1. So what are the ³J(HN,Hα) numbers for the range 38-48, from phi and the Karplus equation (6.51, -1.76, 1.60; θ = phi - 60°), rounded to whole Hz, Gly and Pro as x?
2. On a straight-distance basis, which lysines could pair with Lys64 in a cross-link, Cα separation under 18 angstrom, same-chain partners fewer than 8 positions away excluded?
3. Please figure out what share of the DSSP beta bridges in the chain is antiparallel and state it in percent, rounded to the nearest 5.
4. Can you put Val112, Val21 in order of Cβ neighbours within 10 angstrom, beginning with the fewest?
5. What is the Cα centroid distance between the range 96-120 and the range 58-84, reported in whole angstrom?
6. When a footprinting reagent is the concern and you count Cβ atoms within 10 Å, what order do Ile198, Ile18 take, fewest first?
7. Counting only helical runs of four or more DSSP H residues, what would the 222 nm mean residue ellipticity of the chain come to if each run contributes -39,500 (n - 2.57) and the total is spread over all its residues?
8. Run the dipole for the chain about the Cα centre, Lys and Arg Cβ at +1, Asp and Glu Cβ at -1, nothing else charged, and hand back the magnitude in debye, nearest 20.
Amino acid sequence: MFLFIAMFTASLMTEAKIYLVSVGVSDYPGTENDLHLPHNDAATMQWLYKQNKHAETALLMNDKATVANVKTAMQKMFSKATANDIVVLFFSGHGVKDGFVCYDGFLRYSDVKSAMSSCQSKNKMIFADACFSGAIRNSGSGTTSDYSDMKNSNLMLFLSCRTNETSIERRGMTNGFFTYALQHGLRGGADKNKDRAITAKELFNYVSKKVKDKSNDKQHPVMWGKFPDNMTVMKW
């Protein structure tokens, strides 16, 4: 197949605005590709971000989550960001080796990178609860040079699974394994030292363990990008 109020530096906490595009597709055309929880994942992410008065969000679910609509939402939302603001894309749904599966087709990783690199924000996050989402780091030429146009930016990718893994959901849960662990971690579960500030390292350690435990070691989240381990991703 993302929650928190993400902040990259403590100094941004009182200034930065957050622009979130949250996408979830459970109901695909027909029935054979339907999932159960991605629309809930996207709604959970939007709800959590909206707890921050500085956040502006866009929610696209099911048949509203077309490729064109997602591209338009990213362009519209991310273009509002200044250099100190934060832009976030969350996607939950089917994934393929080189992109996310929207309601009517593929959102290529190259489209996501283009939207991220074209905005002024120096603080960018991509969260994905999608099968094979780990492949985003190797799309294109397969090197970090794909992100060279973001070299002066903090860029975090927190992905639900490795390149060759599926992202698991289970009936009876309200969110997929990754989103379930992520939202609990960002609501305080990952705050190991109880200082009310959750760092990238704390978040990864918490979510990774929870997902591996729930999946019987079949799913392994991946965090990648250019940012320090002690970067604050949630402050309460």
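A short reminder: the numbers here are calculations on the coordinates, not readings from a lab. If you're wondering where the values come from, they're calculated on a predicted model, not measured in any experiment. Methodologically, a virtual Cβ is constructed for each residue, glycine included, from the backbone with ideal geometry; neighbour enumeration extends over all protein chains shown.
1. Computed from phi, the couplings for the range 38-48 are x, 5, 5, 4, 5, 5, 4, 4, 4, 4, 5 Hz.
2. Lys76
3. About 30 percent, rounded to the nearest 5.
4. Val112, Val21
5. The distance from the Cα centre of the range 96-120 to that of the range 58-84 comes to 11 Å.
6. By the 10 Å Cβ count, ascending: Ile18, Ile198.
7. The helix-only estimate for the chain comes to -7500 deg cm²/dmol at 222 nm.
8. Taking the Cα centre of the chain as origin, the dipole is about 640 debye.
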